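Have a look at the structure below before the remarks.
The values are calculated or read from the model by the stated rules, or taken from the named source; none is laboratory data. Since this is a predicted model, take the numbers as computed values, not measurements. Here the Cβ positions follow ideal geometry from the backbone for every residue, glycine too, while neighbour counts run over all protein chains shown.
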Amino acid sequence: MSETFTQPMMNRPGVPQVSLLTVTSNSPVARQVYRMTLKGDGVQAMVEPGQFVHIKCGSSASPLLRRPLSICDVDRKKRELTIIYRVEGEGTRYLSTLQSEDMVDVLGPLGNGFPLGNRDKADRVLIVGGGVGVPPLYYLSKCLSKRGARVTHILGFNSQEDSFLTDDFHQLGETYVTTMDGSLGHKGIVTDIMAHWPPESWQAVYACGPLPMLKAIEQHMAGAYQTEVYLSLERRMGCGIGACLACVCHTPDSAISYKKVCTDGPVFKLGEVIL
Amino acid sequence: MTTSAKRRLEVQLGPVRLKNPVMPASGCFGFGREYSRFYALDRLGAIAIKATTKEPRFGNPTPRVAETPAGMLNAIGLQNPGLEAVLEQELPWLAQFDVPVIANIAGSTVDDYVYVAEKISTAPNVAALELNISCPNVKCGGIAFGTDPHIAAQLTKAVKGVSQVPVFVKLSPNVSNIVAIATAVEEAGADGLSMINTLLGMRIDLKTKQPILANGSGGLSGPAIKPVAIRMIYEVSQHVSIPIIGMGGIQSAEDVVEFFLAGASAVAIGTANFVDPYICPKIIDELQSLLDRMGVEYIHDLTGMGWKHGSAKA
């Protein structure tokens, strides 16, 4: 890499850039799940909840592609960014070995996050997360809570050992936890809890998690036309900036119309894309 | 900057002159819009745009990419907005930059190629065509035209007959005798070659026991294929007299020089754009200092300098 090379558009909020961030902490928070905090000037550009960063895992050609990871929390005063990731392959395994003071090559912020709209204290908002879909919802809930919205959370995990951030969500508002094996909270899935309220009870619903969960939420909310529903999708990505067309999904409009998860999403309004 | 310093990266691709030899490869740069958020596209030697077909195409189902050691597999399937949208929206948008466009074109029949070539070659900023006869990810067209020397030659001739600009042919490495295809398209009138497209590959997921790509197989790109590209360019460049745009796993100025030594006259950067959106201007900057260190005045002097062993000659 050229030392003299300068990025012409550095530090404009919202404009993606490549920055080297310093690891300030990196430790397990659940089975195979780690929380990493990264510090540096590049964090100033990370503004919207639900956006993601694309991280280079190592300096060699293997693994080659960056890994898209959602932004869990941002502290612009401290210039610090939090990500929570599950170790699944070579890239995330590399990340799990990083220690304080190590440097990480981060491209971001990328994508369109969750629209906060005009949410205020008159609003009842539901936030639903599943597994590693939970992290971006934390920063979202913080932003909504700051505006005074009454936020209810439902967080789904496979088991207690896989659960994380539940106490943090409790501090922001009413929080329900479900696990598949019943080892923590309700035994079952997030839509079991959603069924306790009529879908119209919410001014907005925000969700992120595995595809079957999002499909179940789509079905549950189908008739609630007054409620704004936003779903954050996950797809294998190449570039993360909209050029490679690896992460496209169909829209209901026609056979050739499409949206890119990386730049049109990852957050979509219910019905905007075919799940 | 002295005139000589300014000119040291200039290259001549037949009738097309580029201010520097670095361009993003077709399919890895869209139509430039995304990367224009990172740097001014005028810095590039040229831009090879996403393969354009007569009609819009959605491409293959997802997943469309999979990682492999030092590379990636893709099966995008030539997704593009179609000729009309490219002529009305993408090329006029690109015209704001002082950069020649190499229009990569694809089709399912010879008539499709001819139709697209005739129309797109009249766009004022299109400096050359690149015939995509090597995409491994589409059932009709693509690679079917690139594996038989006679068919490749016929297509080249047909497109040359209607094109207003020079025609480059992008060759597939998925053949047993690439020299035969290269010489056939040269005889048919090709003005240059682009080498290489991706290598056919596949990965299988241990959990699902199924191929990772929805398409099954895909095209392997990235540093993993660089030695294959170098070997093929080394071989072909000694059998043809038309210029070659080299590509396949280039990540640095050193890689660019290696492609020149093998016989390339310009290079295209593909997968590396996904890893580092600034890779093309970075490499252009680095080439200057690398030439200094090597004591080379003009980059074009390096083309084919690696041939002295001559062992690739059949």
| Index of the failed condition, residue A:204 passing every other in (1) among the small types (Gly, Ala, Ser); (2) closer than 30 Å to residue B:33 by Cα; (3) in contact with an Asp or Glu (Cβ under 7 Å, 6 or more places away or on another chain) | (2)
| task | With respect to residue B:80, determine if the residue is in contact (Cβ under 8 Å) with a residue 60 or more places away in the chain, over 20 Å from residue B:167 (Cα atoms) and within 14 Å of chain A (Cβ to nearest Cβ). | result | no
| task | Could you pull out every one of the strands (runs of 3 or more DSSP E) wholly within region B:124-234 that has 3 or more residues that are among the hydroxyl-bearing types (Ser, Thr, Tyr) and crowded, with 24+ Cβ neighbours inside 10 Å? | result | none
| Counted residues, region A:193-213 - those being within 18 Å of the chain's Cα centre (by Cα) and surrounded by fewer than 18 Cβ atoms within 10 Å (Cβ to Cβ) | 3
| In region A:216-275, which residue that is among the polar types (S, T, N, Q) and under 24 Å from residue B:28 (Cβ atoms) is farthest from the chain's Cα centre (by Cα)? | A:257
| note | With the first residue restricted to region A:83-96 and required to be more than 13 Å from chain B (Cβ to nearest Cβ) and hydroxyl-bearing (Ser, Thr, Tyr), and the second required to be buried (at least 17 other Cβ atoms within 10 Å of the Cβ) and assigned to a helix (DSSP H, G or I), Cβ contacts under 6 Å at 6 or more apart or on different chains are A:85/A:92
| remark: Of the residues in region A:18-34, those that are in contact with a helix residue (DSSP H, G or I) (Cβ under 6 Å, 6 or more places away or on another chain) and either among the basic types (Lys, Arg) or within 14 Å of chain B (Cβ to nearest Cβ) (or both) number 2
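Just to be sure, is residue B:31 of a type in the set (A, V, I, L, M, F, W, C) and more than 7 Å from chain A (Cβ to nearest Cβ)?
Working: of a type in the set (A, V, I, L, M, F, W, C): yes; more than 7 Å from chain A (Cβ to nearest Cβ): yes.
Yes.
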| message | Out of everything in region B:112-134 that is touching a residue at least 60 places away in the same chain (Cβ under 8 Å), of a type in the set (A, V, I, L, M, F, W, C) and in contact with a Gly (Cβ under 9 Å, 6 or more places away or on another chain), what residue ends up being nearest to residue B:192 (Cα to Cα)? | response | B:128
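Give the residue that is surrounded by the most Cβ atoms within 10 Å (Cβ to Cβ), with candidates limited to residues of region B:39-65 that are farther than 22 Å from residue B:113 by Cβ and facing chain A (nearest Cβ under 7 Å).
Keep residues of region B:39-65 that are farther than 22 Å from residue B:113 by Cβ, which gives B:39-45, B:61-65.
Okay, now just the ones that are also facing chain A (nearest Cβ under 7 Å), so B:39, B:62-65.
On the way: B:39: 19, B:62: 20, B:63: 21, B:64: 28, B:65: 24.
Going through the qualifying residues, I end up with B:64.
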| request: Name the single residue, out of those in region B:268-291 being β-branched (Val, Ile, Thr) and within 23 Å of residue B:168 (Cβ to Cβ), that is nearest to the other protein chains (Cβ to nearest Cβ). | output: B:271
| query | Would you pick out the residues in region B:249-261 that are surrounded by 24 or more Cβ atoms within 10 Å (Cβ to Cβ) and either within 29 Å of residue A:235 (Cα to Cα) or among the hydroxyl-bearing types (Ser, Thr, Tyr) (or both)? | reply | B:249, B:250
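Can you work out which of the residues in region A:41-74 that are farther than 18 Å from residue A:95 by Cβ and surrounded by fewer than 24 Cβ atoms within 10 Å (Cβ to Cβ) is nearest to the chain's Cα centre (by Cα)?
Step one: list which residues in region A:41-74 are farther than 18 Å from residue A:95 by Cβ, which gives A:41, A:44-45, A:47-51, A:74.
Going one step further and asking which of them are surrounded by fewer than 24 Cβ atoms within 10 Å (Cβ to Cβ), we end up with A:41, A:44-45, A:47-48, A:74.
Numbers: A:41: 21, A:44: 18, A:45: 16, A:47: 13, A:48: 11, A:74: 12 Å.
Top of the filtered list is A:48.
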| query | Applying the selection to region A:253-262, what residues are in contact (Cβ under 8 Å) with a residue 12 or more places away in the chain and part of a loop (DSSP other than H, G, I, E, B)? | reply | A:261, A:262
| remark: When (1) closer than 19 Å to residue B:120 by Cβ; (2) without any contact (Cβ under 8 Å) to a residue 24 or more places away in the chain are applied to residue B:162, the one that fails is (2)
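Quick check on region A:214-252: of everything there that is assigned to a strand (DSSP E or B) and in contact (Cβ under 8 Å) with a residue 60 or more places away in the chain, which residue is surrounded by the fewest Cβ atoms within 10 Å (Cβ to Cβ)? Walk me through it before giving the result.
Restricting attention to region A:214-252, the residues satisfying the condition of being assigned to a strand (DSSP E or B) are A:228-232, A:248-250.
Still in the running and in contact (Cβ under 8 Å) with a residue 60 or more places away in the chain: A:228, A:230, A:232.
Details: A:228: 18, A:230: 21, A:232: 28.
Ranking the qualifying residues of region A:214-252, first place goes to A:228.
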| request: Tally the residues that are under 23 Å from residue B:266 (Cβ atoms) and of a type outside the set (Gly, Ala, Ser), restricting the search to region B:34-71. | output: 12
| query | Which one of these does residue B:246 not meet: (1) outside any helix (DSSP H, G or I); (2) at pLDDT 95 or above; (3) surrounded by fewer than 21 Cβ atoms within 10 Å (Cβ to Cβ); (4) not acidic (Asp, Glu)? | reply | (3)
| said: Looking for something within 14 Å of chain A (Cβ to nearest Cβ) and either assigned to a loop (DSSP other than H, G, I, E, B) or in contact with a Ser or Thr (Cβ under 8 Å, 6 or more places away or on another chain) (or both) - is there at least one such residue anywhere in region B:5-20? | reply: no
| query | Would you call residue A:71 touching a Leu at 6+ places or on another chain (Cβ under 7 Å), closer than 19 Å to residue A:46 by Cβ and more than 14 Å from every other protein chain (Cβ to nearest Cβ)? | reply | yes
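With the requirement that a residue be part of a helix (DSSP H, G or I), in contact with a Pro (Cβ under 8 Å, 6 or more places away or on another chain) and under 21 Å from residue B:31 (Cβ atoms), what does region B:255-282 give you? If you could, list the steps in order and put the result at the bottom.
Of all residues in region B:255-282, those part of a helix (DSSP H, G or I) come to B:255-262, B:272-275, B:279-282.
Now narrow it down to the ones that are in contact with a Pro (Cβ under 8 Å, 6 or more places away or on another chain): B:256, B:260, B:273, B:280.
Passing the criteria: B:273, B:280.
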| query | For the subset of region A:222-246 comprising residues that are at the interface with chain B (Cβ under 7 Å from one of its Cβ atoms) and not aliphatic (A, V, I, L, M), which member is farthest from residue A:124 (Cα to Cα)? | reply | A:244
